[in-house]
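Okay, structure first, notes after.
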Amino acid sequence: MQDQNEYLYFLRRAFDGMLGVLEDLGDDLGNARPPLAGANSVYAITYHCAAVADYWTGHIIAGREVDRDRASEFSARGQGRQLRQQVDALFEQLEADLASVAPAARPLNTPPADFEGPDRPLSVQGVQLHVLEELAQHHGQVQITRDLLKQGGSV
């Protein structure tokens, strides 16, 4: 479906931006947190975004089982190269998840209230907008985190 290809194009741009920052920083700095209360590493933010896209698209829209531990996403650590491979595989799955859904249809699952999603029922398109909203916010957060880390601060 053309609309889904366009949607995935914009998700890919956000992920490529975040992964590019992670690769530019390298694994040590990419796993460091800036010296701000509650700050997350670039790796953790990007890892969280992959979990967001997988859960909201795969589970909520397509009805696929997704095992998600949201709290642990923010302490995730790893190698940027491996995360890029995970994101590449995720995109293959997202394409399959969206292959036969109509934007105006209702998602197959409803998110639990504690996942901080929109506070009203959504169409497939609404869920997609929520995912894009999250990725856009976090892409900016990754860029600010990069700038803070490059200025020399990590905890």
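Here are several values of log10 I(q)/I(0) by the Debye sum over Cα atoms at q = 0.15, 0.19 Å⁻¹: (1) -0.78, -1.31; (2) -0.84, -1.12; (3) -0.76, -1.13. Which one was derived from the coordinates shown? Correct label, based on the coordinates given: (3).
Using only alpha carbon pairs under 8 Å that are at least six residues apart, calculate the relative contact order of the chain and give it in whole percent.
Details: 193 pairs, mean separation 54.4, N = 155.
It comes to 35 percent, rounded to a whole number.
Stretching the chain fully between Leu108 and Arg77 yields a gain of 8.0 nm (0.36 nm per residue, less the alpha carbon separation). The GluC sites (Glu not before Pro) of the stretch 72-155 that DSSP puts in a loop, and whose beta carbon has at most 15 other beta carbons within 10 Å, are Glu116. Probing with 1.4 Å while keeping every protein chain in the model, the per residue accessible area of the stretch 90-132 equals 61 Å².
Within the accessible surface of the stretch 1-115, defined with a 1.4 Å probe on protein heavy atoms only, the carbon and sulfur portion equals 48 percent.
For the chain, what is the mean residue ellipticity at 222 nm derived from helices alone (per DSSP H run of n ≥ 4: -39500 (n - 2.57); sum divided by total residues; nearest 500 deg cm²/dmol)? Numbers along the way, then the final one.
On the way: 5 runs with 91 residues, N = 155.
Result for the chain, helices only: -20000 deg cm²/dmol.
The values are calculated or read from the model by the stated rules, or taken from the named source; none is laboratory data. What you see is a predicted model, and the numbers here were worked out from it, not measured in a lab. Every residue, glycine among them, receives a Cβ derived from its backbone with ideal geometry; neighbour counts consider all protein chains shown. The accessibility values were calculated without ligands, DNA or RNA, using every heavy atom of the protein model including side chains. Shrake-Rupley method; radii C 1.70, N 1.55, O 1.52, S 1.80 Å.
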